[in-house]
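What follows draws every value from the coordinates through simple rules; no lab data is involved. Just so it is clear, the structure is predicted and the values come from calculations on it, not from any experiment.
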Amino acid sequence: MTIKAWLGSVVELEKAAIRPWACAAVASLLIAAAPAPAGERYPPRSVLLFVASWCAPCHAEIGRIDAIATAAAPYRVMVVPIDAGRATDAMMRRVPVGQRWTPGAVRIAEIRADLFGDTAGLPFSVAIGRDGRRCAATHGGLGPARAAAMVAGCE
């Protein structure tokens with residue numbers, strides 16, 4: 001189920017005069033139904049660069065992906081789209097296949113709840129340490145210097 005479809009079902013529930021707590025319960029069930037990630041919580045020793053088709057700075061980050069990846073070494077840079085559609089597909093075609101991480105809609109909702117709690121939105125990136133957990137984050141456009149600083153803070 002896509003996030004858009006899920007949101008549509010929640011709106012339909014609200015229109016049907018179901019109490020707000022029931023909508024929250026349905027949302028919890030949908031998120032809880034996602035399979036648990038195997039092994040680490042997130043790809044270890046990586047920088048997750050969250051992008052969306054509507055985010056202008058995100059397009060600029062993708063244009064600098066090679067320089068960002070070089071600066072983040074030995075961590076690998078993984079681009080994670082948080083929206084879906086033709087515009088996102090076109091944007092992701094600019095990203096080398098080995099640098100794409102495209103979890104399903106339910107997992108994206110889980111990631112947003114876990115990692116986006118202290119941010120207003122995009123651009124946003126996090127570094128994931130050896131243990132598969134967040135060890136650094138940056139709000140604003142990611143460039144080579146910021147990527148290197150994030151990795152240095154994790155090692």
Averaged across orientations, what area in nm² does the convex hull of the alpha carbons in segment 58-155 project? 6.1 nm²
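Want the number for THR70 to ARG93: 0.36 nm per residue separation, take away the alpha-carbon distance, what's left?
Numbers: separation 23, 0.36 × 23 = 8.28 nm, distance 1.98 nm.
Contour length minus Cα-Cα distance gives 6.3 nm.
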Can you compute the equivalent ellipsoid semi-axes for segment 40-111, i.e. the square root of 5 times each eigenvalue of the Cα gyration tensor, sorted largest first and rounded to whole Å? 18, 17, 9
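Suppose the chain between ARG133 and THR102 were pulled fully straight at 0.36 nm per residue; how much longer would it get relative to their current alpha carbon spacing? Don't skip to the answer; put the middle values down first.
On the way: separation 31, 0.36 × 31 = 11.16 nm, distance 1.79 nm.
Net length gain for the segment: 9.4 nm.
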With θ set to phi - 60°, apply the Karplus curve 6.51 cos²θ - 1.76 cosθ + 1.60 along segment 49-54 and write out the HN-Hα couplings as whole Hz, x wherever there is a Gly or Pro. 9, 7, 9, 8, 4, 8
Considering amide H positions built from the backbone, and no H for Pro or chain starts, which residues 5 or more places from ARG100, or on another chain, come under 5 Å of its amide H? VAL79
Per residue of segment 141-151, in order, report the coupling 6.51 cos²θ - 1.76 cosθ + 1.60 (Karplus, θ = phi - 60°) as ³J(HN,Hα) in whole Hz, putting x for Gly and Pro. x, 8, x, x, 5, 5, 4, 4, 5, 4, 5
Where the centre of each part is set by its Cα atoms, how far does segment 124-155 sit from segment 50-98, in angstrom? 15 Å
Can you tell me the alpha carbon radius of gyration of segment 113-155 divided by the globular rule-of-thumb value 2.2 N^0.38 Å? 1.12
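For segment 42-150, what's the relative contact order in percent, using C-alpha pairs closer than 8 Å and at least 6 residues apart? Present the calculation step by step, with values, prior to reporting the outcome.
Values: 176 pairs, mean separation 43.5, N = 109.
Relative contact order comes out at 40 percent.
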